[in-house]
Amino acid sequence: MGIDFEEWFHPELIQRHMITESKKLMVVNGIDKILDWLRKNETFATFFVVGELLELKPELLDKILDGGHEIGFHTMYHSRLDSSNFKDKFVDEVKKFDIMTAKKSKGFRAPTFSLNYSSAWAIDVLAENNYQYDSSIVPAKTKLYGVPNAETKPYRISSSSIDRNDPNAKILEFPLLVTKFFGKTIPAAGGFYLRVLPLKIIENTIKDYNDHNSPATFYIHSWELTPEYMPRVPLSFIDGFVTYHNLGKTLSRMDKILKKFKFTSFKRYLEHQ
């Protein structure tokens, strides 16, 4: 279970429509609610945190770790890896996050799952900075992201092989959960797809992964779990639908999933294995 811990202004579809530089922190105020929800469900998670939030609210780190959860890296400002000239910035950001977290972060998730063939260099940077795993590959194609030919089980990933196992690679990839829907492979790992797909489809997909001895890698955004802190930004119809559809039902849907399946953090899963 990965929680992409980010603010209301971080999602790419909102950044497209931002007309003001006013970025008042709001979603961070939901950290206690999220931690309490996880505790009640006896669930541990990896919090992939946008680094600037730790800069502004350093107490977030202790709260996450004290709850038995894991800290992971989600870039400093929720920037796409395939953004123009981002490579040098990313190198500096990884080192900065290491200092902020006392090198406790061993896992990474690319914002908007933007690890692809053009941004595969990021794997080398992670390996050079002693990261152990990544969870940025979605083995399906959408308008925003996806590596449709990627393996669906965890595999060793390298900059020269992002979709197939490289036995010599240092980084372990945890690809996100996908399923078949009317013959087409689509994401089923959480986020918008948790809010729009029939819950039974997601539950059956998790069971299918488990039956094949493969972990179902799931994610949810902090702002989806705390819709009371998520302001309504004027968006285009499609972007608004993807961002806000069934937002108020996310927590109850997640509750049903956590009552049927046992999830844990990436670190605890690796230690158990």
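Taking a ≥ b ≥ c as the square roots of the eigenvalues of the alpha-carbon gyration tensor, region 124-273 is classed prolate because a/c is 1.5 or more and a/b outweighs b/c. For L197, the accessible surface of its heavy atoms amounts to roughly 10 Å² (probe 1.4 Å, protein chains only, rounded to the nearest 10). Within straight-line reach of K106, meaning a Cα separation under 23 Å, sit the following lysines at least 8 residues removed in sequence or on another chain: K57, K63, K87, K89, K95, K96, K153, K170, K262, K267.
Placing +1 on each Lys and Arg Cβ and -1 on each Asp and Glu Cβ, with no other charges, gives the chain a dipole about its Cα centre of roughly 780 debye.
Evaluate E = 1/(1 + (r/R0)^6) for K262 and I238, where r is the Cβ-Cβ distance and R0 equals 35 Å; express this FRET efficiency to the nearest 0.05. Efficiency, rounded to the nearest 0.05: 0.50. The candidates K249, K33, K170, arranged from most to least accessible area with a 1.4 Å probe in the full protein assembly, appear as K170, K249, K33. The DSSP beta bridges internal to the chain are antiparallel in roughly 30% of cases. Ordering 230-241, 130-141 by mean Cβ neighbour count within 10 Å, with the highest value first, yields 130-141, 230-241.
The peptide list 38-46, 213-221, put in order of mean Cβ contacts within 10 Å with the highest first, becomes 213-221, 38-46.
Dipole orientation for the chain: of the candidates N165, T179, I34, T179 has the Cα lying most toward the positive pole (charges on Cβ; Lys, Arg +1; Asp, Glu -1).
Under the rule a/c < 1.5 gives rounded, and otherwise a/b versus b/c splits prolate from oblate, where does the chain land using the Cα gyration tensor? Rounded is the answer for the chain, as its axis ratio a/c remains below 1.5.
A straight Cα-to-Cα reach below 14 Å connects K200 with the aspartates and glutamates D208, D255, residues fewer than 8 places away in its own chain not being considered. Treating r as the C-beta distance of T185 and L144 and R0 as 25 Å, the FRET efficiency rounds to 0.95. Rounded, prolate or oblate, given the Cα gyration tensor of region 37-172, with a/c below 1.5 counting as rounded? Here region 37-172 falls in the prolate category. The packing ranking, built from the mean of other Cβ atoms within 10 Å per residue, places the peptides 69-80, 149-160 in the order 69-80, 149-160, highest first. Averaging the Cα positions of each part gives two centres, and for region 146-183 and region 197-273 these lie 20 Å apart. Taking 7 Å steps out from each Cα toward its Cβ at K63 and H245 produces label points 3.1 nm apart.
The values are calculated or read from the model by the stated rules, or taken from the named source; none is laboratory data. Keep in mind that this is a model prediction, so the values were computed, not measured. Please note: Cβ atoms are built from the backbone with ideal geometry, for glycine as well, and neighbour counts cover all protein chains shown. These accessible areas exclude ligands, DNA and RNA; they are computed on the full protein's heavy atoms, side chains included. Shrake-Rupley method; radii C 1.70, N 1.55, O 1.52, S 1.80 Å.
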